[in-house]
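Trainee: I'd like to ask you about the structure that follows.
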Amino acid sequence: MYKKNNGWCWLMALLATAWTTSVNAEAKDTLPAIEVRAEIHALIGVADSASDGKVTEKQLAHRPFLRPGEVLETVPGLIVTQHSGDGKANQYFLRGFNLDHGSDFATYVNGMPINMVSHAHGQGYMDLNFLIPELIGGLRYQKGPYAAEDGDFNTTGSARIQYKRSLKTPFAALTVGEYQYQRFLTAGSAEWNGRQLLGAAELVGYDGPWDQSQNLNKVNLHGSISEGTASDGYTITAMAYKSTWVASEHVPQRAIDSGEIGRFGTLVPNDGGKTHRISLSGEWNQSDERSSRKINAWVIDYGLNLFSAPSGYINSPDGDQHEQEDHRILFGGQAEKHWLLPVGSFNTEVIAGAQLRHDRIGALGLYDTVNRVRTNTVSQNKVNQTGSALYTELKTPWLSWLRTNVGLRYDTISADVNARGGQFNLANGGSETAHQVSPKLGLAIAPFNQLEFYANWGRGFHSNDIRGAVITNNAVDGLPAERVPLLAKSTGGEIGLRAAPFEGWQTALAVWQVKSASELVFVGDEGITEPRGSSHRYGGEWTNHLTLSDYFFLDADLALSKARFDREENGGRHVPNAIPVSASLAANYDDGSHWSGGIRVRYIGSYALEETGTQTSSSFLTANARLDYQFNPHWQLSASILNLLNRKANDIEYWGGACSRQDGAGCGGGQGIDGRLVHPLEPRTLRVGLRYNF
């Protein structure tokens, strides 16, 4: 699995296994800071909108995952794909948005923001490859810009992932599969002087089906100490993650059709990169009958060196590979208080909070490279960016069947760029500050016990890369460049309902719309996104949870959307890569004794690849399945089949310019030949795991 200089990783894993083996104390699951329930109807009388939701540990336990980031596919309508190597952040889609790597959906893990501002590869870059699904205690999601606690990147919503504070029993698990997949995970918890200690170590190696071996090597460590309960206590968590890989980028479909490369081939060798994420975070909670307080703080050391050649050979016969470098320290925190304010015969819940984030980016660069060796500095910058916010909400139960939620948020983002390198980049320094006031409104009406209607409206935003807000010259050719606003505003609204028509069936329906002041669109020949004009979207979502027995339950959802530019862009109004229809069905079984498992079927409809809508992707349906057998309290065997139907579809499709070797360097008059760019689904794959519970 680890070919060189990784002996210390195995040593750490063995030490963690020895530690968990020594645990004799009984450990009970402790709920995360926010209670997570499986039943949608449990949110009636509690939720602020029809599209709020919670995902339980039980829903995650037997779900088959190809990648850690697919945890987010438990959010109804959210699609997770990949167009490069498994060490890179995934591609996300929700509510008619191509979220790229996270530009309009905010994610937090243990209170820490995952989206990266002014990132080397893409704004809002959201790398979830450090997640360990077995440690997740629950996930809470909110759709739309309706929650006052959500700020940057919240146009389509947010997700908050909370790790467990303890485990039922320590364990060690080994999983092996086709294409040299190997994963070792050990984790355990123990009580020490009234505190809970939890530790975990994960090692992953994977070559993949690619003609060029992916050679993924991942190391993941996790440790926490906690005391008290989720509502009255504290947790301190340390995480360390490192990954290296070789990527096979998306390629022109014509290169595959002509036989120049195979279906799993690549144009330019040795793309990929290395990344790390080291964090320390803490959260303190205190509550009584009429109030609660929460304070969290965190610091993260993050780095990425990403090598990509998405355009093939447009600029050079040696290939168009470039390196994007990002090294930063970011820190921040949040303080929030809830209390009840008597108003007549009822109590209004008042929420007030403050948030702070600072990114100190010591290296933010773009370089021309050949086989990962730098040949030219295009741009090199240092960036300091600070975001702060104050917010408040008033939740008032006017009558037993009528509630309102009124929120207000004020954000300030300020940043400066110190341009340090690149022939045409030195004039691109500067500073910028932007503010936004975001009101939020919500109404809930419950005419019956098992039926509730909602109406919501809110204003949100995503920040743009500060380099685009202060730019003077194009760093590549020195031509004058147009600046973009630091904040791109959005406004959204929805109406909906949630109901429990009969025992065991809980359902939610939402109809929504959103308007955005600026759109981020993929540029194929550069492998990046760039801001475009304003846009509007509308659609609907139908979410269902069915408990058919004590052992068997289903999750089913359907999402529809339509996305258009307000004005023509490149001859049309279609927003590229906006998925108009998606659906999923997940079945989970657990008899509480020996057998358990799950299967998930996902459908993605055809979407426009460019603005006229003439070129479209192919729709496809895939399925993943998992089966577990518990021999006794100690030994468990599992088998997962990914891409069960062996669909030969594409994980992602784009439209853009590129040159293959056969096309010749500088093809298409130096602009590349426009065409379909694809990254295939991995073929049907079997993975088998063995777990021992100590």
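The values are calculated or read from the model by the stated rules, or taken from the named source; none is laboratory data. Being a predicted model, the structure only gives us computed values, none of them experimental. We place every Cβ from the backbone using ideal geometry, glycine too, and count neighbours over all the protein chains shown. The protein model used for the area step is the full one, side chains on, heavy atoms only, and it has no ligands, DNA or RNA in it. Shrake-Rupley method; radii C 1.70, N 1.55, O 1.52, S 1.80 Å.
Trainee: Counting only residues 5 or more places away or on other chains, whose amide H sits under 5 Å from the amide H of residue 181 once H atoms are built in the peptide plane?
Mentor: 207
Trainee: Subtract the Cα-Cα distance of residue 58 and residue 168 from 0.36 nm times their separation in residues, and report this length gain in nm to one decimal.
Mentor: Contour length minus the Cα-Cα distance gives 38.2 nm.
Trainee: I would also like to ask the following. What is the projected area of the convex hull of the Cα atoms of the chain, averaged over all directions, in nm²? If you can, show how the numbers build up before the last one.
Mentor: Details: hull surface 113.4 nm².
For the chain, averaging the hull's shadow over all directions gives 28.4 nm².
Trainee: What aspartates and glutamates could a cross-link reach from residue 274, if we take a straight Cα to Cα line under 18 Å and drop same-chain neighbours fewer than 8 places away?
Mentor: Straight-line reach from residue 274, under 18 Å: 86, 127, 202, 207, 249, 301, 323, 325, 326, 368.
Trainee: Please turn the phi angles of the range 589-606 into ³J(HN,Hα) values with the Karplus equation 6.51 cos²θ - 1.76 cosθ + 1.60 (θ = phi - 60°), one per residue in order, whole Hz, x for glycine and proline.
Mentor: 10, 8, 7, x, 10, 9, 9, 7, x, x, 9, 9, 10, 10, 10, 10, x, 5
Trainee: Please list, in chain and number order, the residues 5+ apart from residue 163 or on another chain whose amide H is under 5 Å from its amide H, with Hs placed from the backbone.
Mentor: 110, 137
Trainee: Go through the range 368-378 residue by residue and turn each phi into a ³J(HN,Hα) via Karplus (6.51, -1.76, 1.60, θ = phi - 60°); whole Hz please, and just put x for glycine and proline.
Mentor: My calculation for the range 368-378 gives 6, 9, 10, 6, 6, 9, 5, 10, 6, 8, 7 Hz in order.
Trainee: Please report, as a whole percent, how much of the solvent-accessible surface of the chain comes from carbon and sulfur atoms (probe radius 1.4 Å).
Mentor: The nonpolar share, carbon plus sulfur, comes to 57 percent.
Trainee: With θ taken as phi - 60° and the coefficients 6.51, -1.76 and 1.60, list the Karplus ³J(HN,Hα) couplings across the range 360-365 in order, rounded to whole Hz; mark glycine and proline as x.
Mentor: Result, rounded to whole Hz: 10, 9, x, 9, 9, x.
Trainee: If you stretched the chain out fully between residue 621 and residue 547, how much longer would it get, using 0.36 nm times the residue separation minus the C-alpha to C-alpha distance? Don't skip to the answer; put the middle values down first.
Mentor: On the way: separation 74, 0.36 × 74 = 26.64 nm, distance 2.45 nm.
Result for the pair: 24.2 nm of gain on full extension.
Trainee: Could you order 651, 591 by accessible surface area, starting with the largest, using a probe radius of 1.4 Å?
Mentor: These residues rank, largest area first, as 591, 651.
Trainee: Using amide H atoms built in the peptide plane, which far-off residues or other-chain residues are under 5 Å from residue 684 H to H?
Mentor: When sequence neighbours closer than 5 places are left aside, the close amide H contacts are 646.
Trainee: Could you work out [θ]222 nm for the chain from helices alone, using -39500 (n - 2.57) per DSSP H run of at least four and dividing by all its residues? Round to the nearest 500 deg cm²/dmol.
Mentor: For the chain, the value works out to -1000 deg cm²/dmol.
Trainee: Which of the three applies to the range 108-163, rounded, prolate or oblate, going by the alpha-carbon gyration tensor with a ≥ b ≥ c and a/c under 1.5 meaning rounded?
Mentor: Since a/c reaches 1.5 but b/c is at least a/b, the shape of the range 108-163 is classed as oblate.
Trainee: So, one more: Could you compute the FRET efficiency for residue 665 and residue 606, with r as their C-beta to C-beta distance and R0 at 35 Å, rounded to 0.05?
Mentor: Efficiency at R0 = 35 Å is approximately 0.60.
Trainee: Name the residues of the range 111-127 whose amide N is less than 15 Å from a point 7 angstrom out from the Cα of residue 363 along the C-beta direction?
Mentor: 120-121
Trainee: Of 58/648; 54/168; 440/489, which sit over 25 Å apart, Cα to Cα?
Mentor: Correct reply: 58/648.
Trainee: At 7 Å along Cα-to-Cβ for each site, give me the label-to-label distance between residue 455 and residue 356 in nm.
Mentor: Each label point lies 7 Å from its Cα, and together they span 4.0 nm.
Trainee: Count the net charge of all other residues whose Cβ sits under 14 Å from the Cβ of residue 181, scoring Lys and Arg as +1 and Asp and Glu as -1.
Mentor: Within the 14 Å Cβ shell, the charges total 0.
Trainee: Under the classification rounded if a/c is under 1.5, otherwise prolate if a/b is larger than b/c and oblate if not, where does the range 145-200 fall, given a ≥ b ≥ c as square roots of the Cα gyration tensor eigenvalues?
Mentor: oblate
Trainee: Between residue 257 and residue 505, take the C-beta separation as r, use R0 = 56 Å, and let me know the FRET efficiency to the nearest 0.05.
Mentor: Approximately 0.75, to the nearest 0.05.
Trainee: What distance in nm lies between label points placed 7 Å from Cα along the C-beta direction at residue 410 and residue 280?
Mentor: Computed distance between label sites residue 410 and residue 280 equals 3.3 nm.
Trainee: Heavy atoms only, 1.4 Å probe, whole protein assembly: order 648, 395, 88 by accessible area, highest first.
Mentor: Details: 648 170, 395 55, 88 0 Å².
Descending order: 648, 395, 88.
Trainee: With a ≥ b ≥ c taken as the square roots of the eigenvalues of the C-alpha gyration tensor of the range 291-372, please select rounded if a/c is under 1.5 and otherwise prolate if a/b is larger than b/c or oblate if it is not?
Mentor: prolate
Trainee: May I pose another question? Take the Cβ-Cβ distance between residue 398 and residue 291 as r, set R0 to 22 Å, and report the resulting FRET efficiency rounded to the nearest 0.05. Present the calculation step by step, with values, prior to reporting the outcome.
Mentor: Details: r = 21 Å, r/R0 = 0.97.
After rounding to 0.05, the efficiency reads 0.55.
Trainee: Expressed in nm to one decimal, what extension gain is obtained for the pair residue 343 and residue 46 from 0.36 nm per residue of sequence separation less their Cα-Cα distance?
Mentor: On the way: separation 297, 0.36 × 297 = 106.92 nm, distance 1.94 nm.
Stretched out fully, the residue 343 to residue 46 stretch lengthens by 105.0 nm.
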